[in-house]
Every structure is written in C-alpha cells, then in structure tokens.
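Data first, discussion second: the structure below is written as structure tokens.
The values are calculated or read from the model by the stated rules, or taken from the named source; none is laboratory data. Everything quoted here is computed from the prediction, not taken from an experiment. Here the Cβ positions follow ideal geometry from the backbone for every residue, glycine too, while neighbour counts run over all protein chains shown. Only protein heavy atoms, including side chains, enter the accessible area calculation; ligands, DNA and RNA are left aside. Shrake-Rupley method; radii C 1.70, N 1.55, O 1.52, S 1.80 Å.
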Amino acid sequence: MGRNIFDGQPRAVLFDLDGTLIDSAPDITAATNELLELYGLAPLTLAQVRSMIGEGVKKLVERAFAASGVPLSQDQLEEANRAMAGIYARHLTGLTELMPGAAETLAQLHASGIRLGLVTNKPQLAARSVLLHFHLAERFGAIVGGDAVVRGKPSPDPLLFALEQLGVPPEEALMVGDSATDVAAARAAGVPVVVIRGGYTPVPVEELDADLVCEGLADLPAALRHMRSAA
C-alpha cells in the first residue's frame, strides 16, 4: 500500500474532480473543439485534450490554441475564454462518466465520519452541477471551484479554503488527485497526497512524488484502514 503518512485515519479527504472522480475528457474535448470551430480551426483529438486538462478552463483554452498553431495574445485569450464559458456550460455531463468506484468510495468514507471536500480548477458552478447530476453533492462539506479563490491549484489556496470550511487542519487531511497539479497544491498546503492511477497526467504516476499511489478509487478506503491499523 505504500508508507504510512498518518498517525491514524485522516479527519478530512479532499478530492480533485476531473480525472479523479469523473472522466470528463470527452465532454471537455467536445467543448474545446466547438470553440476551435468558431475560429475556423481543426478539431483536436481526445488524447490531445486529455493532456491539457488540469489547470482550469483558461489554461485549457491557451493550450488548445497553441496546439492548433495559433498562440493567443493576452487580449485574444481573454476573448476566447469568454466564448468558451458558454460553450463549456453546455458540455458538463453529456459524455461524462464517474470513475470506477467513485460513488461507492465517497459513500464509504462519508459513512465512516470522514469529512469530504472537493477542490477543483473547474468553475464553481460547473463543479456543483456535475456533482448534482451524479447525486454526489450531499457527500461534500466543502466544494471549492477554480473561481472561488484568486489562485487555483497548484496554489495551496483552494485546499486551505476547503479545509477551513471543514474545520480540519492540513496535517489531519489528505488530498486525492491524479496529476502533478494536485501533488504540488497538496505539498504547498502541507497536506499528504494520494494519486489515483488512470487520470489525466501525461507524467507516469510513479514520478509524481505522491505519498501513495492507488490503482483505483476502490482501493482508497482499504489504504486508509491500513494506515490506521499500522499507526
């Protein structure tokens, strides 16, 4: 399972959304290609867009245009990002699916008394809409989107904001994500971090320097029990 990182079970677990709890890459690809079509540009592949996910919609737009050979000025990026806002809102759940074990894992952790938070660079309203669609919103005591703070991940700010809402200090919490962005944010916040294999990271998970790697979300409750029993 990996080395112990707690003196017992964490009081709170923070989750990333895209690539961790949901496979939203097909929806995000559809939205991205709709935006590119407005500018007369060719569509990108699912694999290309998957590699661009992780630091918010604006960064996604910037990367998409760069990959299309059309780097944007700051003003052009702001304009394209405004156009993307409406498009993105129409592509939240049509092609998106829960990651294997997501609903069951959240239910187990919630039932065990662990406080749950969501920390994503997805816009706040979009994140909440996705959670409501999959009937998961009630599991979370804190939902922090990328526009709920001045600086999103990899800044520690959204993690610390979520933990403040949950009333749990960083040393008694755990971050669960899928990418270098999640690991960097957790490290900056002083929160141990678990990476789930199968997300959107272009870097092998073993190279992300997480405290623990789980093969899937379904393995997470057992990993936490192992940490507690070995403490």
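Numbers for the structure displayed
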| item | result |
| --- | --- |
| One residue from LEU44, LEU72 being outside any helix (DSSP H, G or I) and in contact with an Asp or Glu (Cβ under 9 Å, 6 or more places away or on another chain) | LEU72 |
| Residues of segment 130-166 that turn out to be farther than 17 Å from ILE22 by Cβ and either of a type in the set (S, T, N, Q) or open to solvent by 10 Å² or more (accessible area, probe 1.4 Å) (or both), as a count | 16 |
| Scope segment 178-219; condition among the small types (Gly, Ala, Ser) and in contact with a strand residue (DSSP E or B) (Cβ under 6 Å, 6 or more places away or on another chain); matching residues | ALA186, ALA210 |
| Among the residues listed as ALA85, ALA107, the single one being open to solvent by 20 Å² or more (accessible area, probe 1.4 Å), under 20 Å from ILE196 (Cβ atoms) and not in a loop (DSSP other than H, G, I, E, B) | ALA107 |
| Residue list for segment 206-223, filter: under 22 Å from LYS59 (Cβ atoms) and in contact (Cβ under 8 Å) with a residue 24 or more places away in the chain | LEU208, ASP209, ALA210 |
| Restricting segment 17-48 to residues that are open to solvent by less than 50 Å² (accessible area, probe 1.4 Å) and of a type in the set (Val, Ile, Thr), the residue that is farthest from TYR200 (Cα to Cα) | THR32 |
| In segment 216-230, the residues that are under 17 Å from the mean Cα position of the chain (by Cα) and surrounded by fewer than 15 Cβ atoms within 10 Å (Cβ to Cβ) | GLY216 |
| Test result for LEU21, under 30 Å from PRO170 (Cα atoms) and touching a Phe, Trp or Tyr at 6+ places or on another chain (Cβ under 8 Å) | yes |
| Lone unmet requirement of (1) without any contact (Cβ under 8 Å) to a residue 24 or more places away in the chain; (2) surrounded by fewer than 18 Cβ atoms within 10 Å (Cβ to Cβ) for SER51 | (1) |
